[in-house]
Amino acid sequence: MVSVCFIFVKQIETEMKHLIFLTFIGFIFASIAQNGTIEGVVLNEVNNQPVPFAKVQLVNENKGAITDDQGFFKIGNLLPNQYAVKVSSPEFKEKIISEIEVTNARVERLTIYLEYLVVDKEEVKVIASPFKKSTESPVSLKTLSASEIERLPGANRDVSKVLQSLPGVASRATFRNDIIIRGGSPGENKFYLDGIEVPNINHFATQGSSGGPVGLLNVNFIREVDFYSGAFPSNKANGLSSVISFKQKEGNKDGLITNFALGSSDVALTFDGPLGKKADFIFSVRRSYLQFLFAALKLPFLPTYNDAQFKFNVDINKKNKISFIGLGALDQFALNEKVNNGIKDSSRIEYNNYILGNIPVQNQWNYTLGVNWLHYTKKGYQNFILSRNMLNNTAEKYQANVVADSNKILDYQSFEAENKFRFENTVFLGGFKWMVGFGYEYARYHNETFNKIFSQGNLITINFSSDLFLSKYAVFSQLSRGFFNERLNLSLGIRSDIADYSKYTLNPLDQLSPMFSLNYKLTERWSINGNVSRFHQLPAYTILGYQDATGEFANKNNKVKYLQADHYVVGVSYLSKFQSRFSLEGFFKKYNRYPFSLKDSISLANIGSDFGVVGNEAVTSIGKGRSYGLEFLYQQKLIKGFYALLAYTYVVSEFEDKNNRLIPSSWDNRHIVSLTGGKRFKKGWELGFRWSFSSGSPFTPYDVATSSLKQVWDVNGRGVLDYNQLNGQRESNFHQLNVRVDKRFYLKKFSLDFYLDIQNLYAYKTAVSPILLVEKDAQGNPITDPNDPNRYKTKLIKNTSGIVQPTLGIIVEFAYKKKVK
């Protein structure tokens with residue numbers, strides 16, 4: 001792997017020269033007259049009415065404005081930089097919006113909603129904070145701005161990787177984006193884009209889970225991300241580990257903006273601008289060039305991905321707004337069968353052959369389309385949300401990669417489609433905020449599977465075709481209020497989900513999910529917070545749609561139920577005077593009804609996720625487990641050019657094995673550390689770093705005796721795990737340092753950002769689970785064990801992960817100021 005790194009470095013030397021030349025040209029043509037503008041409207045969150053005469057002040061600057069009778073304000077003649085805005089008005093809570101990026105290419109437009117200040121008797125002082133905290137979710141809620149997402153070293157503008165810098169989220173020694181939160185599976189996360197549910201946010205998605213190696217969302221669209229690792233609001237409480245809500249930007253109102261970005265793995269083109277006086281849009285396309293890079297680096301697989309994304313807004317009037325969103329991807333995963341041409345390193349050839357012999361050829365496409373109609377009334381608002389999403393997934397594998405029916409090991413074709421409607425009504429009465437709503441989903445799942453596998457001492461062939469049609473229903477409500485001049489804030493929520501899969505998923509009382517949150521301000525800056533909740537999640541379609549040899553839905557007969565998790569969270573937080581905060585939270589999660597594999601006699605929480613499918617087998621809902629731990633967070637918003645984030649998590653994740661013993665799950669990472677910091681200098685320079693650490697993940701060793709059997713190896717092509725030693729060993733600890741340097745140029749009508757991002761700067765290699773191989777002769781044929789003619793000779797080889805990965809990137813944004821009619 002070191003040689004791979006050297007090849008990569010050599011390849012980018014030429015690109016570095018080009019980058020330096022472009023930087024020099026940028027210096028020559030840089031405009032001296034640099035100024036930017038922040039403008040926008042301040043509105044009442046209850047009814048969308050303007051808030052006149054509100055004070056809008058730049059934090060730590062002697063500039064500001066007062067809103068007019070329409071709530072409009074404008075602050076001009078600003079040097080390109082990042083700013084924070086503080087908004088205040090009588091009868092409303094003060095609000096701070098931090099890290100607003102101002103350039104000359106566009107007017108930075110803000111829509112700021114203010115909350116009423118509930119005062120019982122005497123006047124109360126409430127400190128404005130740049131950190132979001134809601135009454136419904138006073139704990140386990142973190143918010144990231146667009147600038148925090150874009151600048152994180154090592155993330156390469158990938159939202160999924162940015163989330164790994166937050167407390168409770170594990171970093172692993174792989175190139176995948178599995179989001180592992182507080183010891184929970186990646187399949188326990190739910191994602192929302194402008195209130196519309198998106199099943200997965202990664203390319204090459206693992207069906208039945210939510211992971212993948214590359215993020216699907218274009219960061220140019222993202223305004224902010226709300227990350228809930230607990231205390232989910234009831235309208236989104238259909239996951240077990242997290243709810244991640246992405247809020248997208250709106251199109252530029254002044255003219256067409258074009259953004260071009262060239263990064264580590266893809267090239268992206270984004271357009272946004274007005275469509276008449278009442279509408280705007282954002283649209284982007286991306287194309288990867290990983291297949292060319294991987295071929296040049298002599299890697300055994302060639303991934304290619306493409307995606308497109310759009311958002312279209314229509315402001316009908318002050319009471320009605322409609323947003324349309326779309327997201328789609330096309331992914332292809334091919335084998336590089338010529339990878340060993342020219343390679344002389346025998347160990348590398350051996351590793352490449354192992355990968356070629358195991359990874360299937362995979363093709364996948366997916367899309368999500370949705371519309372969100374927001375309607376305001378005198379004392380509240382309603383959301384009408386309609387969407388459709390679909391995933392199509394195919395995979396094939398042949399023995400020795402020779403395409404012939406007799407060599408077929410895997411032939412998998414599947415799609416899942418969902419049509420969803422959700423209604424939410426939010427009203428504000430007498431200091432109370434009351435939300436009530438319902439949802440309906442109609443889903444179809446189709447699966448055609450042919451798969452030869454080894455299970456419990458036998459070679460078996462799975463061969464079935466199934467169609468599943470499913471209706472799902474949900475009702476939910478949440479009531480919140482502040483008391484004693486908002487020193488005490490309480491929220492009570494409830495939700496119930498049902499599905500017509502079987503009688504075991506139809507009783508609403510079996511899926512009743514109560515939730516209670518509390519926030520008490522000890523002083524102006526100190527507060528204690530807590531939440532107690534129960535959450536339910538329907539098993540994946542791969543589980544629900546699995547059929548046995550008789551053509552029956554096996555897991556319907558196995559009485560599969562909704563997964564269940566009880567959350568208990570308590571914490572304390574402190575807001576400093578310098579736009580920073582400290583928080584400490586303890587959490588405990590108790591799992592019930594977790595899918596338990598009848599084939600392998602293990603909980604599905606005790607297997608990892610990889611490319612392919614999770615859950616396409618017979619299971620029963622008897623799995624039990626728990627995760628518990630402690631999280632510490634220090635977060636410093638940008639102040640005087642400095643920013644920082646320190647997160648430490650101690651987490652234990654355990655699930656019962658077949659003997660009802662609690663053992664470490666695949667997500668038991670114990671100690672997790674993330675330290676991020678940076679400095680913005682004058683003249684557009686910025687330096688940032690991120691150091692991450694995670695204890696080694698558990699893994700299950702091989703059953704060498706069974707794996708070496710010829711009839712087993714010829715079908716599997718890899719070792720069979722020994723589940724009698726389930727997760728009995730651990731990989732080595734993982735840590736790495738990522739560094740990023742940016743140089744920005746702010747010209748009259750466009751801006752340039754050149755960056756150098758280096759992942760794993762000190763080239764640390766993590767020892768991950770070893771690989772079991774059969775020994776081969778000079779012609780590449782397996783060698784028979786001289787002591788047993790029914791077996792092959794086997795050997796274990798070390799497996800490491802970690803190379804230096806430098807990336808040179810450029811982001812260009814330019815504007816056509818003339819409005820598009």
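The values are calculated or read from the model by the stated rules, or taken from the named source; none is laboratory data. No experiment lies behind these values; they were computed from the predicted model shown. Cβ sites come from the backbone with ideal geometry, for glycine too, and all protein chains shown count toward neighbours. These area figures cover heavy atoms from the full protein model, side chains too; ligands, DNA and RNA do not enter into them. Shrake-Rupley method; radii C 1.70, N 1.55, O 1.52, S 1.80 Å.
Put a dot 7 Å past the Cα of residue 47, heading toward its Cβ, do the same for residue 253, and the two dots end up 2.2 nm apart. The HN-Hα couplings worked out from phi for region 497-505 by the Karplus form 6.51 cos²θ - 1.76 cosθ + 1.60 (θ = phi - 60°) are 10, 9, 9, 8, 5, 7, 5, 7, 10 Hz, whole numbers, x standing for Gly and Pro. Note on the chain: Cα-Cα pairs beyond 52 Å make up 14% of the total pair count.
With 29 Å as the limit on Cα-Cα distance, the pairs of 190/452; 74/683; 132/561 that go past it are 190/452; 132/561. Residues whose amide H falls under 5 Å from that of residue 614, counting only those 5 or more places apart or on a different chain, are 207, 208, 209, with hydrogens built in the peptide plane. Quick one: Cα centre-to-centre distance for region 43-97 and region 215-235, in angstrom? Measuring centre to centre over Cα atoms gives 25 Å.
Beyond a 26 Å Cα-Cα separation, which of these cross-linked pairs lie in this structure: 93/319; 93/161; 321/379? Distance filter (> 26 Å) returns 93/161. Dividing the Cα radius of gyration of region 746-795 by 2.2 N^0.38 Å, with N the residue count, gives 2.62. Using a cut-off of 22 Å between Cα atoms, the listed pairs 408/559; 86/277; 55/95; 556/624 include 408/559; 86/277 as exceeding that distance. Rounded to the nearest 10 degrees, the inclination of helix 346-358 to the longest alpha-carbon principal axis of the chain is 80 degrees. Calculate the length of the line joining the C-alpha centroid of region 385-445 to that of region 521-574, in whole Å. Centre-to-centre distance over Cα atoms comes out at 18 Å. What full-extension length gain, to one decimal in nm, is calculated for residue 116 and residue 704 as 0.36 nm per residue of separation minus the Cα-Cα distance? Stretched out fully, the residue 116 to residue 704 stretch lengthens by 205.0 nm.
Taking amide H atoms as placed 1.01 Å from N in the peptide plane, the amide H of residue 180 lies under 5 Å from those of 170, each 5 or more residues away in sequence or on another chain. The three principal axes of the Cα atoms in region 262-343 give end-to-end lengths of 66, 19, 13 Å, sorted in falling order.
If DNA, RNA and ligands are ignored and the probe is 1.4 Å, what is the ranking of 622, 180, 453 by accessible area, most exposed first?
Details: 622 100, 180 5, 453 30 Å².
Sorted descending by solvent-accessible area, the residues read 622, 453, 180.
Extent of region 114-257 along its three principal axes (Cα atoms, max minus min coordinate, largest first): 56, 44, 28 Å. Ignoring ligands, DNA and RNA, what percent of the accessible area of the chain is carbon or sulfur (1.4 Å)? Carbon and sulfur atoms account for 58 percent of the accessible area of the chain.
Taking 376, 628, 568 and ordering them by how much accessible surface each has at a 1.4 Å probe, largest first, produces 568, 628, 376.
If you build the Cα gyration tensor of region 240-310 and take the root of 5 times each eigenvalue, what three semi-axes come out, in whole angstrom, biggest first? Walk me through the numbers on the way to the answer.
On the way: eigenvalues 203, 68, 13 Å².
Semi-axes (√(5λ), whole Å): 32, 18, 8.
Once the Cα-Cα distance is subtracted from the 0.36 nm per residue extended length, the residue 776 to residue 509 segment shows a gain of 90.2 nm. The largest accessible area among 39, 250 belongs to the first residue in 250, 39, and the rest follow in falling order (1.4 Å probe, all chains). Using the beta-carbon distance between residue 490 and residue 267 and R0 = 45 Å, what value does 1/(1 + (r/R0)^6) give for FRET efficiency, to the nearest 0.05? The calculated FRET efficiency here is 0.35.
Average projected area of the Cα convex hull of region 600-710, in nm²? Each step should come with its number before you reach the end.
Values: hull surface 46.1 nm².
In nm², the orientation-averaged hull projection of region 600-710 is 11.5.
Remark: the chain carries 42 Å² of accessible area per residue (probe radius 1.4 Å; ligands, DNA and RNA excluded). Helical content alone sets the calculated 222 nm signal of the chain at -2500 deg cm²/dmol, taking -39,500 (n - 2.57) per DSSP H segment of four or more residues and averaging over every residue. Distance between the modelled labels on residue 317 and residue 652, one decimal in nanometres: 6.1 nm (7 Å Cα→Cβ projection).
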